[in-house]
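The next block holds one structure in the form of C-alpha cells; read it before the comments.
The values are calculated or read from the model by the stated rules, or taken from the named source; none is laboratory data. Here the structure is a predicted model, which means the values were calculated and not measured. Virtual Cβ from ideal backbone geometry, glycine too; neighbours counted across all protein chains shown. Accessible surface is based on the protein model in full, side chains and every heavy atom, while ligands, DNA and RNA are left aside. Shrake-Rupley method; radii C 1.70, N 1.55, O 1.52, S 1.80 Å.
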Amino acid sequence: MKIAYLADSYIPSRAASSIHVTKMCEAFEEIGHDVSLVCGTGPLQSGNIHKFYDVKACFPISRLSSLEWGLKGRKYLFAIHVSFYLARIQPDLVYGRCRHSCAIAALLGYPVVHDAHSIPPESRNLTSALLRWLLTRTKVRRLVVNTQALRQVYEDRFDIRSEIRVAHNGATDPPDDAYVPKELCATTKQDIQVGYVGTLKPGKGMKIIEEIAPECSWAQFHVVGGNENQVDYWRDRLSSVDNVVLHGFVPHRETHAYRQHCDVLIAPYQREVLLDGGLNIADWTSPVKVFEYMAAEKPIVCSSLPSLREVVTHEENALLCAPDEPKSWVRALCRLKNDQMLRRELAQRARLDYERNYSWRARAEKVLEGI
C-alpha cells in the first residue's frame, strides 16, 4: 500500500514521539509498504534526519512549515496543508497520530487508521468534539492504542464504530558497532552502573533517583536525557550527591552505548505523569524506553503501574517497585547488585519477550493486519 503517515511531531526533536514515528515508518517499509512521512519543523536541527534516528533512508520526509515551533493554531493549519499534500500523492491509507489531520483525511474520503497514545483533556471541548467526530466515521478503519488501559478509556468515553486494536510500543536491536562515549570509559568505585534514558519531565523518574541515589553509594547512576534547563536544575539539586552523572540530551542513535554500559536500567515512573496540557497519562503510558531496555538485554527495575504490568512481570522479566516507595527501589537495586544470576535471568527473559512481541516490525504488522 501507499501510506501517508501524518504526525504532529516535530522532527527531529527530543521527544519520544518522534522516535516512535520514524521507527514505525521504517517498519512499514520493511513489511513492504510505500511510506511518506509528513511532519512539522521543530527547533532542533539535524542535517540527516534518518541518521539522527538510526533508521534506513527508505522513506521520504516532508516537513511542513505550518507546524513550526510555537506557531499559534499550528495543528489546524497543519491539517489544512495536509489536505493538499494528500491530494497530490493519493495514498491508499492515511495513518496518523494527529487527530486533526486524520479528521481532515476522513472528511476527504481517505481510509484512515488513527494511532492514539492519549486522549484530549475533557476541558478542551473543541478537540474532544473533533475526536468524537473522527471516531464515528466509517472511513476510520481502525483505532490503534498502545495499552489495554487506554483501550478501556476510549471504550468508556467515546462511541467508537471502528475496531480498536491494542499494539504496545517497540524497539530495535542495538547496533553492533555502538561507540563508547569518553565519559563512560573511566573506571568508578561503584559496584554497579544504573542507567536511566529518557526525559526529565515531572513524573518520569528523577524524584525517585534523587531519593535513592544517596542510599545507594555502591551504585553510579547515569541519567541520559533532558534539555539544558532541566539538566541545570537537577545538577543544582543533586550537587551534593556524587554518584549521579547527568549526561544531558544524546541523539537517539547514540543512546545504545549508554544502555549497554549499565548493569541495570530503571524506569521509575510516578503515579502522576503530566503532559504539557495537564493531562495525567500515568494510567496508560507505554514508554518506549522500557522496550529499548528489553532489547538491550539488561535487567530492569520498573514502576508497578497497571499499564507497565501489561509488558513487564515482577520476578519474570523485571523487578517491579511501588512508585511512591523509594526504599523498595533501594532493596531491588541492592538485590541485583548481589545476585548476578538474577540479573542475567531477568535480562534474558526480557530480551526474549522483546524478540517475540515488541519489535517495531511486529507492531507494524499488527496494526495493519487485515487492512
Return the pairs, sorted by first residue and then second, in which the second residue is assigned to a helix (DSSP H, G or I), the first residue lies in the stretch 356-371 and is in contact (Cβ under 8 Å) with a residue 60 or more places away in the chain, the beta carbons are less than 6 Å apart, and the residues are 6+ apart or on different chains.
358/291; 360/23; 360/27; 361/27; 361/30; 364/27; 364/28
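Can residue 344 be described as of a type in the set (Lys, Arg), open to solvent by 30 Å² or more (accessible area, probe 1.4 Å), farther than 26 Å from residue 115 by Cα and part of a helix (DSSP H, G or I)? Talk me through it step by step, then tell me what you get.
Details: of a type in the set (Lys, Arg): yes; open to solvent by 30 Å² or more (accessible area, probe 1.4 Å): yes; farther than 26 Å from residue 115 by Cα: yes; part of a helix (DSSP H, G or I): yes.
Yes, satisfied.
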Looking at (1) surrounded by 15 or more Cβ atoms within 10 Å (Cβ to Cβ); (2) more than 20 Å from residue 224 (Cα to Cα); (3) touching a residue at least 60 places away in the same chain (Cβ under 8 Å); (4) not β-branched (Val, Ile, Thr), which is the one condition that is false for residue 306?
(1)
Considering residues of the stretch 55-70 that are at pLDDT below 70 and open to solvent by 70 Å² or more (accessible area, probe 1.4 Å) only, the residue nearest to residue 35 (Cα to Cα):
68
Taking the stretch 296-329 and keeping only residues that are of a type in the set (Lys, Arg) and under 19 Å from the mean Cα position of the chain (by Cα), one is left with 298, 309
Of the conditions (1) open to solvent by less than 90 Å² (accessible area, probe 1.4 Å); (2) outside any loop (DSSP other than H, G, I, E, B), residue 327 satisfies every one except a single condition; which number is it?
(1)
Give the residue that is modelled with the lowest pLDDT, with candidates limited to residues of the stretch 139-159 that are surrounded by 19 or more Cβ atoms within 10 Å (Cβ to Cβ) and of a type in the set (Val, Ile, Thr).
140
Criterion first (surrounded by fewer than 21 Cβ atoms within 10 Å (Cβ to Cβ) and charged (D, E, K, R)) does residue 298 satisfy it?
no
Mind checking which strands (runs of 3 or more DSSP E) fall wholly inside the stretch 206-278 and carry at least 2 residues that are open to solvent by 30 Å² or more (accessible area, probe 1.4 Å)?
244-248
Output the number of residues of the stretch 1-11 satisfying the condition of being surrounded by fewer than 24 Cβ atoms within 10 Å (Cβ to Cβ) and either part of a loop (DSSP other than H, G, I, E, B) or small (Gly, Ala, Ser) (or both).
2
